[in-house]
Amino acid sequence: MNWSSMKKLLRISRGPVTQFALLSFFVTAATTAALVVVISYHFRQDLLEREWTLTAAFITKEAHSNLSPAYFRAPNTPEAQARFATFYEDVILMPELIRLKIYDVAGTVIWSDEPRLVGQSFPDNPQLRGALAGRIMVKGEIGERKGENVYEHNLALVEVYVPIVFQDSRVVGVVEAYKSPDQVFARVRSIKIIVAATALLGASLLYIALVYIVRRSAVRIEQQQEALEYRSHQLAVANEELRGMQTQLIATERLAAIGEVVTAVAHGIRNPLANIRAAIQVALLHVPIENRSSAAHNLANVIQEVDRLEARVKELFQFVEPTKQRQQRLDLNSIVSGVLQMMAGRLSSGDV
């Protein structure tokens, strides 16, 4: 990688790409965290609700199989106590179920696997009141202790209150089941880890892909901008060259027009000059001998001026021709003498 490419990447990295990378990082992180929290919460609620619903359904089924409303109205009879014990033996087979309490409609414990609780009532139990009203209630705050939990102080349990309703009857009692939530909460934690890992992996891939696409697009835009600037420079140079050629073309057209005029004028001048020169040469032949010296001198001056005028016409032709670089040696003395001779009349008239 050459220095210009490195400078380009540094310029791009300090520009909008860095801003996009930082902003997208925070947005992706916040969105991922929110998704993890929301999805984990709903997974946890659904899993716990399903667990407690299955527990309540199992207890209700066993209650319908082993109990009747009469046992709740007369719970102290030997038959009722035996039925309650049989019901307990069937229900305790459910995994993670630790303890069982049975309440009558007055909220008094009529049977429990902890005999010391039988005959007691706990009016300050809102979950029990809700179950007596016909709702399945769950107390999941493991750290909170109530009066009825005096014999479960060393256990971390979840309480499930199941209202017992027989056909054509109202609530006749409530079964309170204590379940160990270790396996349930372990599944919840496992689901949270899976959700968090999946969301983090997806967010990372999405972030990397977005940054790569934006960075690649920025590099391509930078290259296109440089190419556009180069094309613009080339176009400006071509435009200047076109203007120069246009100026030269106009000058050439003007010179061509002048050349046509000069050609016409030259033809109109050179023919009379040739006739004048020929006439003077003939006149020299007919000059009398006594006047030949002075006349010859004057006629020679005329011929010289005619030749000079002919030279000027040739120079005018050279002026209208396309410019060509020519190098030739010149005699400066002869040029100055020619100029003085050409200006002799004006100099003498001006007393110079």
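What follows draws every value from the coordinates through simple rules; no lab data is involved. Model, not experiment: these values are computed from the prediction. Cβ atoms come from the backbone with ideal geometry, glycine included; neighbour counts cover every protein chain shown.
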Next on the checklist: For a protection proxy built on the mean count of beta-carbon atoms within 10 angstrom, sort 103-110, 237-244 highest first, please.
Outcome noted: 103-110, 237-244
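Based on Cα coordinates alone, diagonalise the gyration tensor for segment 226-270, multiply each eigenvalue by 5, take square roots, and list the semi-axes in whole Å, largest first.
Value: 42, 4, 4 Å, ordered largest first.
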Checklist entry - How do 82-94, 303-315 rank on mean C-beta neighbours within 10 Å, highest first? => result 82-94, 303-315
Checklist entry - What is the packing order of peptides 247-258, 160-171, taking the mean over residues of other C-beta atoms within 10 Å and listing the highest first? => result 160-171, 247-258
Checklist outcome for this item: Cα-only Rg/Rh for segment 18-196 with Kirkwood Rh rounds to 1.14
Checklist entry - Kirkwood hydrodynamic radius of segment 174-282 from all distinct Cα pairs, in Å? => result 24.2 Å
Item to check | Cα-derived Rg to Rh of segment 26-124, Kirkwood definition | outcome: 1.23
Checklist entry - Just how far, in whole angstrom, is segment 161-177 from segment 254-268 if you go by their alpha carbon centroids? => result 128 Å
Checklist entry - How many nm separate the modelled label positions at Ala74 and Ala279, each set 7 Å beyond the Cα in the direction of the Cβ? => result 17.4 nm
Checklist outcome for this item: On the formula 1/(1 + (r/R0)^6), with r taken between the Cβ atoms of Ser121 and Leu201 and R0 of 41 Å, the FRET efficiency rounded to 0.05 is 0.15
Checklist entry - By how many nm would the segment from Thr53 to Ile92 lengthen if fully extended, with 0.36 nm per residue of separation less the alpha-carbon distance? => result 12.4 nm
